[in-house]
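Here the structure comes first, spelled out in structure tokens, and everything after it is commentary.
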Amino acid sequence: MQVVVLTGAGVSADSGVATFRDAGGLWEGHRPEDVATPEAWAADPALVWRFYQARRAALAVVEPNAAHLALAAFERRAAARGHGFTLITQNVDDLHARAGSSAPIHMHGELARLRCERCGAVRRDTTSVDPERFVTCGAPGCGAGALRPDVVWFGEVPYRLDEIARALADCTHFLAVGTSGAVYPAAGFLAEVRRRGARTWIQALEPPDNLDASDRFVPGRAAEILPELLDELCR
Ligand code: APR
């Protein structure tokens, strides 16, 4: 088997991390164009910074849930049986790694990373979370202004698409967990592997936008459903 798992905000919902498009989600409180685009960062960096600093600070008070742990355990089982496993996440939280997943591909970047737009320096930082204080680049000779969150904003190119394309090309078993299938290119992965003949499972609270009759939809909360669903996928 060559298993590819794609996760979205729903996998972290049971850890208390807000999703985007559910009732009460992040995009109810903020318009994406005001806080999640390069134009927003240029126009009002203080507003964008406050939005991300609140999410960065929240990393310290959330824990991986049973869904994250089940995925990490499944990865170990798959490796022990000689199967291929790739975890791709749209999430910018660090819960997959903290649950033990060995190499999650963060295609939308990570809240725990800050990046300098002038010199490209990237640093891991989860402690500078004051919403009113920018973090400046300390790289020798850079002297740039504020570091930005190293997350992929609307209109920007997601990270590691080449690696993702290779994993999708070999995929025989695809599972999407907790994603609405609303944002491309991630939303297109399902059709791509389905075209290639992979078996497809979708786990979420409600059917995602990109569901097809041939996909196996498994409704419910990931923390409750995933442990058993992953056992089934192994069979
Ligand atoms: N268990 C399983 N699924 C859940 C749970 C849960 N406890 N709670 C919510 N969900 C599902 C919802 O049914 C929905 O399908 O998670 C999905 C959340 O959808 P979105 O909020 O749109 O999140 P996501 O699909 O990850 O968004 C994709 O959009 O705004 C951008 O960059 C952002 O990475 C994000 C991308």
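The values are calculated or read from the model by the stated rules, or taken from the named source; none is laboratory data. Just so it is clear, the structure is predicted and the values come from calculations on it, not from any experiment. Ideal geometry is used to build each Cβ from the backbone, glycine not excepted, and the neighbour counts take in all protein chains shown.
The figures follow:
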| item | result |
| --- | --- |
| Residue match in the range 171-181 (condition: part of a helix (DSSP H, G or I) and not small (Gly, Ala, Ser)) | no |
| Of the criteria (1) within 15 Å of the ligand (Cβ to nearest atom); (2) within 13 Å of the chain's Cα centre (by Cα), which one residue 175 fails | (2) |
| Test: residue in the range 46-62 that is within 30 Å of residue 232 (Cβ to Cβ), more than 12 Å from the ligand (Cβ to nearest atom) and in contact with a helix residue (DSSP H, G or I) (Cβ under 9 Å, 6 or more places away or on another chain) | yes |
| Wholly enclosed helices (runs of 4 or more DSSP H) of the range 23-123 bearing at least 3 residues within 21 Å of residue 186 (Cα to Cα) and either more than 15 Å from the chain's Cα centre (by Cα) or outside the structural domain of residue 144 (by TED's automatic domain parsing) (or both) | 32-35, 66-80, 95-99 |
| Selected residue (criterion: nearest to residue 203 (Cα to Cα)) from residues of the range 5-22 that are within 6 Å of the ligand (Cβ to nearest atom) and part of a loop (DSSP other than H, G, I, E, B) | 8 |
| Inter-residue pairs, beta-carbon under 7 Å, first assigned by TED's automatic domain parsing to the domain that holds residue 11 and among the acidic types (Asp, Glu) and in the range 179-194, second more than 12 Å from the ligand (Cβ to nearest atom) and modelled with pLDDT of 95 or more, 6+ apart | 192/168 |
| Residue in the range 126-161 that is nearest to residue 53 (Cα to Cα), counting only those that are charged (D, E, K, R) and buried (at least 16 other Cβ atoms within 10 Å of the Cβ) | 148 |
